[in-house]
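**Q** Can you keep this structure in mind? I'll have questions shortly.
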């Protein structure tokens, strides 16, 4: 089965490839020679995931899925949320986003946060959604060099290291994206026969 993943993000692509069964051939936007970014104009993660999946389905007419993920911080009323990738500006810089988050949380004792992913799947003309959530805390300084985004600041509950201190396989097995992808895989294993 061939499935398009509507992303240019090579980190996300690698994480998801690790989780998909070998029977699913994952095709990225880069593979399709799509170079432009798909506008993320939704007000929720679900809306953005749906916008991206619809765009690819309309353009290629092929089964596809897209995701949108966000970091929600309690002390910031759920920010950065849907704006996580561009929290510090449209340049979408991980370093700038992390620095802004640390500045916003300065002197705030509540460091509770969660990562959320919503996947929108277009399969046989129908839309399906899958969500993954992992709770954790934002550390006062960055730790680790793996991963991307807010990984160096996010320590999941029950673990003694950040996502950026974990291998890709370890992170994928517990992350918000991993949880959502596992739900997607379970659905595909039943519905793609």
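Read-outs: derived from the displayed coordinates by stated rules, not from any lab. These numbers were taken from a predicted model, which means no experiment stands behind them. Positions of Cβ are generated from backbone atoms using ideal geometry, with glycine treated the same way; all protein chains shown enter the neighbour counts.
**Q** Between 0 and 90 degrees, rounded to the nearest ten: what's the tilt of helix 10-19 against the longest Cα principal axis of the chain?
**A** Roughly 70 degrees between the two axes.
**Q** Identify which of 112, 36, 98 has the largest mean-square fluctuation in a Gaussian network model of the chain, with springs joining Cα atoms closer than 10 Å.
**A** Per the Cα network of the chain with a 10 Å cutoff, 36 tops the list.
**Q** Right, another one. Based on other C-beta atoms within 10 Å, arrange 83, 122 from fewest to most.
**A** Ordered by Cβ neighbours within 10 Å, fewest first: 83, 122.
**Q** Would you look at the GNM of the chain, springs on alpha carbons closer than 10 Å, and say which of 32, 62, 139 moves the most?
**A** Per the Cα network of the chain with a 10 Å cutoff, 32 tops the list.
**Q** Rounded to a whole number, what is D in µm²/s for the stretch 41-193 from Stokes-Einstein with the Kirkwood radius over alpha-carbon pairs (4 °C, 1.567 mPa s)?
**A** The estimated diffusion coefficient comes to 80 µm²/s.
**Q** So what is the 222 nm mean residue ellipticity for the chain from helices alone, if each DSSP H run of at least 4 adds -39500 (n - 2.57) and you divide by all residues, rounding to the nearest 500 deg cm²/dmol?
**A** -10000 deg cm²/dmol
**Q** Work out the FRET efficiency for residue 173 and residue 142 from their Cβ-Cβ distance, taking R0 = 22 Å, and round it to the nearest 0.05.
**A** With R0 = 22 Å, the Cβ-Cβ based efficiency is 0.50.
**Q** Related question: Considering only DSSP beta bridges with both partners in the chain, what is the antiparallel share in %, to the nearest 5?
**A** 80 percent
**Q** How would you rank 161, 2, going from fewest to most other Cβ atoms within 10 Å of each one's own Cβ?
**A** 2, 161
**Q** Now for a separate question. By counting other Cβ atoms within 10 Å of each Cβ, how are 120, 23 ranked from fewest to most?
**A** 23, 120
**Q** Mind checking which of 88, 164, 103 has the largest fluctuation in a GNM of the chain, springs on alpha carbons under 10 Å?
**A** Largest GNM mean-square fluctuation: 103.
**Q** Over what distance in Å are the Cα centres of the stretch 122-151 and the stretch 62-92 separated?
**A** Rounded to whole Å, the Cα centres lie 9 Å apart.
**Q** Name the residues of the stretch 59-92 whose amide N is less than 20 Å from a point 7 angstrom out from the Cα of residue 100 along the C-beta direction?
**A** Flagged as within label range: 68-92.
**Q** Pairing the Cα long axis of helix 176-191 with the longest principal axis of the chain, what angle in degrees results, from 0 to 90 and rounded to the nearest 10?
**A** 20 degrees
**Q** Relative to the longest principal axis of the C-alpha atoms of the chain, give the angle of the C-alpha long axis of helix 94-105, reported between 0 and 90° and rounded to the nearest 10°.
**A** 50 degrees
**Q** Continuing with the same structure: If each of residue 25 and residue 107 carries a label point 7 Å out from its Cα toward its Cβ, how far apart are those two points in nm?
**A** The two pseudo-label positions are separated by 5.8 nm.
**Q** So what is the relative contact order of the chain, in percent, for Cα pairs below 8 Å that sit 6 or more residues apart?
**A** About 19 percent, as a whole number.
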